[in-house]
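K.L.:
Questions regarding the structure given below will be posed in turn.
The values are calculated or read from the model by the stated rules, or taken from the named source; none is laboratory data. Please read these numbers as outputs of a predicted model, since none were measured by experiment. Positions of Cβ are generated from backbone atoms using ideal geometry, with glycine treated the same way; all protein chains shown enter the neighbour counts. These accessible areas exclude ligands, DNA and RNA; they are computed on the full protein's heavy atoms, side chains included. Shrake-Rupley method; radii C 1.70, N 1.55, O 1.52, S 1.80 Å.
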Amino acid sequence: HLNINSILSKIDELRMIAKNSKATIIGITESKLDDTVLDGELEIDGYELVRSDRNRHGGGVACFVKNDISFNVRTNFTTEIENIFLDILLPKTKPILVGILYRPPDQSKFLEKLTLAIANTENFDNQEVYILGDININLINKERHIPNGIKNYREFCSLHGLNQLITSPTRVTVNTLSLLDHILTNSSDKVPSPG
């Protein structure tokens, strides 16, 4: 997962990351695209692009999947939050659900909308699930009191059997450290080294 903050200006760097990492799936948040940007402008050799745009000023998600991997896009997940959900189809296994999510910092009722979408989707509780995204809930809390947003998020994860894997800051400035970009899964045992 990369919180890229405008993919178009960073496409050459993304191509190098894809080439060097050989990642099977690359999830992108804050792609900042609209329909004036053609898929060909974002092409990465060996990958198929799936995208859900908002506009050039904010938001949007995209996903690059190696072109030797079979998948189905879940077009009916929800339109109330920015997302892409895919079933990855590997031989002799159940489909693996991979989601890319972006939650703008000011989006209210995000967890309620996501919970409803999960409840209305097929097989969520019966398959391996990985959700990558810029959730904009800072899990680094140095206060004694745990904010309601973090409590609600932890309850959401518990309700759906999801563990958040990232433990180090994902946004670092001169004055702040925050953990806003998360990876959730119900199969932590299959992830040897998250980070």
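K.L.:
Among the listed residues Ile69, Ile84, Ile96, Ile166, identify the single one that is under 17 Å from Pro194 (Cβ atoms) and out of contact with any Pro (no Cβ under 8 Å at 6 or more places or on another chain). Don't jump to the end; show me each part of the working.
P.N.:
Numbers: Ile69 fails: under 17 Å from Pro194 (Cβ atoms); Ile84 fails: under 17 Å from Pro194 (Cβ atoms); Ile166 fails: out of contact with any Pro (no Cβ under 8 Å at 6 or more places or on another chain).
Being under 17 Å from Pro194 (Cβ atoms) and out of contact with any Pro (no Cβ under 8 Å at 6 or more places or on another chain) holds for just one of Ile69, Ile84, Ile96, Ile166, which is Ile96.
K.L.:
Turning to a different aspect of this structure: If you scan the range 172-195, which residues turn out to be open to solvent by 90 Å² or more (accessible area, probe 1.4 Å) and in contact (Cβ under 8 Å) with a residue 40 or more places away in the chain?
P.N.:
Listed by number, the list holds a single entry, Lys190.
K.L.:
Then there's this: Report whether or not Asn120 is in contact with a strand residue (DSSP E or B) (Cβ under 8 Å, 6 or more places away or on another chain) and either buried (at least 16 other Cβ atoms within 10 Å of the Cβ) or more than 23 Å from Asn3 (Cα to Cα) (or both).
P.N.:
no
K.L.:
Given the structure, is Ile137 at pLDDT below 90, surrounded by 13 or more Cβ atoms within 10 Å (Cβ to Cβ), over 13 Å from Leu97 (Cβ atoms) and touching a Gly at 6+ places or on another chain (Cβ under 8 Å)? If you could, list the steps in order and put the result at the bottom.
P.N.:
Details: at pLDDT below 90: yes; surrounded by 13 or more Cβ atoms within 10 Å (Cβ to Cβ): yes; over 13 Å from Leu97 (Cβ atoms): yes; touching a Gly at 6+ places or on another chain (Cβ under 8 Å): yes.
So Ile137 fits the description; yes.
K.L.:
Please list, ordered by first then second residue, the pairs with beta carbon atoms under 6 Å, 6 or more apart or interchain, first in the range 111-131 and of a type in the set (D, E, K, R), second open to solvent by less than 60 Å² (accessible area, probe 1.4 Å).
P.N.:
The qualifying pairs are Lys113/Ile81; Glu128/Ile96; Glu128/Ser187.
K.L.:
Taking the options Glu30, Glu48, name whichever one is closer than 14 Å to Asp134 by Cβ and of a type in the set (Asp, Glu).
P.N.:
Numbers: Glu48 fails: closer than 14 Å to Asp134 by Cβ.
Only one candidate qualifies: Glu30.
K.L.:
Looking for whichever is more than 26 Å from Arg171 (Cα to Cα) and not basic (Lys, Arg) here; the options are Asp53, Asp35, Asp12. Which one fits? Let's see the steps before the verdict.
P.N.:
Working: Asp53 fails: more than 26 Å from Arg171 (Cα to Cα); Asp12 fails: more than 26 Å from Arg171 (Cα to Cα).
Only one candidate passes the filter, namely Asp35.
K.L.:
Name every residue in the range 87-128 that is of a type outside the set (A, V, I, L, M, F, W, C) and over 21 Å from Ile183 (Cβ atoms), in order of residue number.
P.N.:
Listed by number, the residues that qualify are Pro91, Lys92, Asp106, Ser108, Lys109, Glu112, Asn120, Glu122.
K.L.:
If a residue must be more than 14 Å from the chain's Cα centre (by Cα) and closer than 21 Å to Pro104 by Cα, how many such residues does the range 11-52 contain?
P.N.:
Total meeting the criteria: 4.
K.L.:
For Asn152, all conditions in the list (1) closer than 26 Å to Asp87 by Cβ; (2) in contact (Cβ under 8 Å) with a residue 40 or more places away in the chain; (3) open to solvent by 40 Å² or more (accessible area, probe 1.4 Å) hold save one; what is the number of the exception?
P.N.:
(1) is the only condition that Asn152 fails.
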